[in-house]
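Below is one structure, written out as structure tokens; the observations come after it.
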Amino acid sequence: MKKIFGFTLIELLVVIGIIGIIVGIIFSVSTSSQKQAYDTQRKSDLKQYQTALEVYAAKNNSLYIPSVTASALDNQCSALELTGPPCSRDPKNVSYNYITDATGSEYVIWATLENAASNVWVVCSNGKSGVSGSAPVSSTCPSALIPTIPTPPPTPTPVTATPTPVTATPTPVNVPLAYVNEIPFTG
């Protein structure tokens, strides 16, 4: 009789299940990392726009491009004299937003973050930036911005140790006389 080698149905189902679990874990980790990378790119893009807006204001009597209603920031690229990467759209092809007051003396720019539910990254003309729970509706910088600056670790408290005196008492050693007599005397 020939013995047929192969896998049973249960063995195949167990292997397929394990592979499915591994693929699920890898997919969820990579999706989270990708969202975090997109959010980092958004923050960087808004910082570059902020720099371009400040350069524009320096050339135009400290006034920014007026836009009293929220508009797409990438529509201002020609006025900001931007070309290339700083004049880009959101990684998911959504526009960054921009609004000023009526005179153009202050602005707010923002982008929706992907990694945190319903959080908006806001950059204001007064230099503040951080996370807001909702998109700005005016050029006034939201007062409840939560900066994402890492907090420094706590300062360690110095430990002062008081040395305790150690007193050693010699322990007598009992050496049998038989061994003492066997030591040769040279002299």
query: So what's Rg/Rh here for region 49-138, counting alpha carbon atoms and using the Kirkwood radius for Rh?
result: 0.95
task: Run down the lysines and flag those whose C-alpha is under 21 Å from the C-alpha of Lys128, throwing out any fewer than 8 positions away in its chain.
output: Lys43, Lys47
task: Report relative contact order for region 1-87 in percent, whole number only (criteria: Cα-Cα under 8 Å, sequence separation at least 6).
output: 23
Cβ-derived FRET efficiency at R0 41 Å, Thr8 paired with Ala37, nearest 0.05: 0.40
Distance in nm between pseudo-label sites at Thr51 and Ile18 (7 Å out along the Cβ direction from Cα): 5.1
- request: Pairs of Cα atoms under 8 Å, at least six residues apart: use those to get the relative contact order of region 105-146, whole percent.
  value: 37
message: Using a 1.4 Å probe on the protein heavy atoms, what percent of the accessible area of region 1-126 belongs to carbon and sulfur?
response: 62
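The values are calculated or read from the model by the stated rules, or taken from the named source; none is laboratory data. Since the structure is predicted, the reported quantities are computational estimates derived from the model, not experimental observations. All Cβ positions, even for glycine, are placed from backbone atoms using ideal geometry, and neighbour counts span all protein chains on display. Note: accessible area is taken over every heavy atom of the protein model, side chains too, but ligands, DNA and RNA are not part of it. Shrake-Rupley method; radii C 1.70, N 1.55, O 1.52, S 1.80 Å.
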